[in-house]
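The values are calculated or read from the model by the stated rules, or taken from the named source; none is laboratory data. Note that the structure is a prediction, hence the values are computed from the model and not measured. Glycine gets a Cβ as well: all are built from the backbone with ideal geometry, and neighbour counts include every protein chain shown. Just the protein is used for accessible areas: all its heavy atoms, side chains included, with ligands, DNA and RNA removed. Shrake-Rupley method; radii C 1.70, N 1.55, O 1.52, S 1.80 Å.
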Amino acid sequence: MSKTVKRLFQQFQPKKYVLEIAVDRDNMTFAGNVKINGNRVAKPSQRLTFHQNGLKITSARLVKHSKTGDQTIKVDRINHHNKFDEVRLHTKEMLYPGSYSVELDFEGTITRPMNGVYPCFFEHDGQKKKIIATQFESHHAREVFPCIDEPEAKAVFELSLTHPTGEVALSNTPIKQSTVIAGNKLQLQKTVFEPTPHMSTYLLAFIFGDLKYKEAKTKSGVLVRAYATPDNVDYTEFALGVAVKCLEFYNNYFGIEYPLAKCDFIALPDFASGAMENWGCITFREQTMLVDPKNSSLSNKQYVALVVAHELTHQWFGNLVTMRWWTDLWLNEGFASWMEYLAVDSIFPEWELWTQFAVDEQQQALKLDALEHTHPVEVAINHPDEIRTIFDAISYSKGASVIHMLHEYLGHEAFRDGLRHYLNAHKYGNTDTVDLWKSLEIVSGKPVSSFMNTWTSQSGFPIVSATVDKYSVELEQSRFFINPNHDKFEKTQWPIPLLNTERKSEALDSQKQVFKIGSSDSFKLNVGQSGFYRVAYNADHVKKLGKLINNGKLQPLDRLGILTDLFETSKAGQANTVDALEFLANFKNETNYAVWDSLAAAIGSLRHVMDDENLREEMKPYIRHLIASELKRLGWNRKKDDSHFDLLLRPIILGLAASADEPAIVKKCKALFSRIDDVEDVPPDLRVNPESHRLRRSIDIDPDLRGMVFGTVARLGGEKEFNKLLALHNSSQLSEERTTIAAALTGFRQPKLNTRALDLIDTDTVRLQDCVYWIAYSLLNRHAKHTTWGWMKRNWPWLQKNLGTDLSFYRMPIYAARSFSDESFINEYVAFFKPKLSPALERSYKQGLEMLEWQTAWKTRDLKQIKKFFKSS
């Protein structure tokens, strides 16, 4: 890994930025002036240093403030040290600690990678248009203006933005003043915004362009607006409604009113991540904010609600109180990932979100954390380029999962009141994890630090081996590794809340322990799955648990936990995969969406990792038998008495049926697809008009089922189907739909069509933000993965240039590795990636190598027995 980066906040601490930026959209450049007021705190020297990346500092002026008056100090030399992202101002006079003002003029370039300041492209009324937007997290503010670009360097920002007149201009705060000024070619407008709160550089944002909005107000009078391109603004209604309710929920829950006068939500046509919590000016990928009632799936609608709630949590957790350094990123992301469920559950209790939490957060975190090369929740960050490697399921989902465990340990009121104490004690400041533990300890009176420290400071999680007798249970803990090649003698230990069915509050706080129980008949550990660990029971007790499931005696979360623990331990070689498959017979009457989601994932991982054509065929009758009852119950069409979970489950059951070539389902998919109008049937003037996609959407395909229909047609189709899907993709205005169609376009069997799909990635057909989807989907297609691997290697320079600063770029090794389970590929993988290692790629490279190793080991060890099981089933 790289050497520790120098922390500039330890030399100069800004208090206020007065920032003027003028953007030349036509020439993709900008120029500006910044006045930085702050305190020099380092020992005397003849230099002041600020962050910059890709900027040209054209002039600098320096003033020292003191009680006796102001002193102008000549800047003798300006040095750009691009290797360190720095600009250094040298003086002949000695600079002592004290108050200074620094004024800098600078120039920069608007670039295609979606960070710093960048363009978003869209069409309206047949005209090509550009929105200019910013993305500063994690360390991209320095690409737009010289600053101390560290989360601890909080300051007030007074922004003035020069932009074309007649366009919407947005920033963190309301507009203070706007005036029209003369430009060289067109009239310009200078928009001055109100001062921001005391905040970090990564939270500053500005956007301008042709945007429309809808608005509402909270009970306390906060103006909430949802912005989008003109053709999409009608689809912001749902997100706007959720936002108002979430803001009101958080005002009450945190006991601190949202501190700004307004809160804007902006759906951007091009956006690298899901969303960004800029204070009062939250930006979104269109898919995470727009909901079209006729064309959006229920799962995406739910996702939009959760993302809105997540970003609004940050207005308190992250913006009001900010981590001191990126080591504690989880204080932002883990809490927001947990709080989003709490908030949305209060709005839509019928969604049963805490059951989904176990699948979407806990299980994802457990899978990544089962690798040797995972990282702790609190992870040392030595260099800013490493930051993007921790925006992952550990910081987000494991962080949320250990918070969930802590919430159960403390109770609802003590937990909430502890958070209120923490936010009030540190508002507008910076914290470390220990500050949170202290607040929760003060309020609850419980030893939070000693309980939680191990869970956040060390990597991995425990597996509890439970040998259950009639009146006692012997427990032993060890760290769980999915990779059987790992040395298992590591003696890591956790304080594990057992949460057993007898409602006892015992904890396993040693390596091995024996507990007395009343009866083993219904004994289960980790009831409700709130503990972040797995359990492996002795064979006799697994049979007892199977009978309980079969007889409907266990709750969905407990059924889900037993199932996932059994399959994950079999992948690691700690249990028999055939035993796990035989255990599935106990789920013949299963009706719960979350449990079926886990069942489908288990079946999918078998097909994917074993990668055997004969096995795929042999699995199909088994799958058809497994789903028969639910397929009959749910059918194809929605019913009046469908629960929310039934609506989410139907696509899973029909998807399994289609993948197993259930004749009636395949026939239905083909028939529905054939009813979609061909592009040739659509009048030419409507093909580029937003109304064109609405014309075709009058067909009778439930939005929840479109992905399954398109995917089935692609799997069984050819060039005709490819062309039709591509036309649908190119005419769609809905980001969610384009992503769904992309999954189908990359799912064909024919090599020629696989190549056609890949060749579209670096063209205008595929938005830069969506390139990673196309690559990841293509790699998951067993017919295309080798072709895609070759494409990735050939196009690596293009990927690096266009996505090299994107959070998704560092995951490329993982996308490649998870698609293969052959030992021969390991050498190819190492040969390609090892020479390219950097702080941004090293962790994912090692994780990918581990994935290759455990998948190869599982296939080598169990393929024959698995094939035998399905042959005889």
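Brief remarks follow.
- Using distinct alpha-carbon pairs, which all enter the 1/r mean, Kirkwood radius of the chain in Å: 29.0
- Between Met28 and Thr860, the C-beta separation translates, for a Förster distance of 45 Å, into a calculated FRET efficiency of about 0.30.
- At R0 = 30 Å, FRET efficiency that the Cβ-Cβ distance of Glu413 and Thr492 yields, to 0.05: 0.35
- The local environment of Ala857, defined by Cβ-Cβ distances under 11 Å, has a net charge of -1 under the rule Lys, Arg +1 and Asp, Glu -1.
- The Kirkwood radius of the range 179-297, taken over pairs of alpha-carbon atoms, gives through the Stokes-Einstein law at 25 °C and 0.890 mPa s a diffusion coefficient of 156 µm² s⁻¹.
- Judged by the mean number of other Cβ atoms found within 10 Å, the most tightly packed of the peptides 352-365, 86-99 leads the ranking 352-365, 86-99.
- Measuring between their Cα centroids, the range 424-485 and the range 308-349 lie 20 Å from each other.
- Using the Cβ-Cβ distance between Ser824 and Ile347 with R0 = 51 Å, the FRET efficiency computed as 1/(1 + (r/R0)^6) comes to roughly 0.50.
- Computed [θ] at 222 nm, helices only, for the chain once each DSSP H run of length n ≥ 4 contributes -39500 (n - 2.57): -12500 deg cm²/dmol
- Ranked by how many other beta carbons lie within 10 Å on average, peptides 336-344, 865-873 from highest: 336-344, 865-873
- Backbone N atoms of the range 194-233 closer than 13 Å to the 7 Å Cα→Cβ label point of Gln127 belong to residues 209-211, 230.
- A 1.4 Å probe run over the protein chains yields, for the range 345-485, 33 Å² of accessible area per residue, whole-number rounding.
- Inter-site label distance for Asn637 and Thr58 at 7 Å from Cα along Cβ, in nm: 6.8
- Where labels lie 7 Å past Cα in the beta-carbon direction, separation of Ile175 and Asp764 in nm: 3.1
- Net length gained if the chain between Glu582 and Asn551 were fully extended (0.36 nm per residue, minus Cα distance): 9.5 nm
- With a simple spin-label model that places each label point 7 Å from the Cα along the Cα-to-Cβ direction, the separation between Leu837 and Asp210 comes to 5.0 nm.
- Shape category assigned to the range 357-421 from the gyration tensor of Cα positions, a/c cut at 1.5: oblate
- Per residue, in Å², the accessible surface of the range 534-641 once ligands and nucleic acids are set aside, probe 1.4 Å: 43
- Fully extended contour minus Cα-Cα distance, from Lys868 to Arg794, at 0.36 nm per residue: 22.6 nm
- Accessible area per residue in Å² at 1.4 Å probe, computed on the range 761-873: 41
- Placing a label point 7 Å from the Cα of Lys470 along the Cα-to-Cβ direction, the residues of the range 510-534 with a backbone N closer than 20 Å are 514-524.
- Three-way shape label, the range 598-640, alpha-carbon gyration tensor, a/c 1.5: prolate
- You can think of it this way: the chain between Lys801 and Arg616 has 62.7 nm of extra reach, that is 0.36 nm per residue less the Cα-Cα gap.
- Of the residues Ile814, Ile387, the one with the largest accessible area comes first in the ranking Ile814, Ile387, computed with a 1.4 Å probe on protein heavy atoms.
- Gyration tensor verdict on the range 298-396 (Cα atoms; rounded if a/c is under 1.5, prolate if a/b is larger than b/c, oblate otherwise): oblate
- Taking every alpha-carbon pair under 8 Å whose residues sit at least 6 apart, the range 69-112 reaches a relative contact order of 28 percent.
- Measuring nothing but protein heavy atoms, the accessible surface of the chain at 1.4 Å probe radius is 49 percent carbon and sulfur.
- Taking Cβ atoms as reference points and 11 Å as the exclusive limit, the residues near Arg607 contribute a net charge of -2, counting Lys and Arg as +1 and Asp and Glu as -1.
- Reported to the nearest whole Å, the Cα centre-to-centre distance from the range 718-737 to the range 620-674 is 23.
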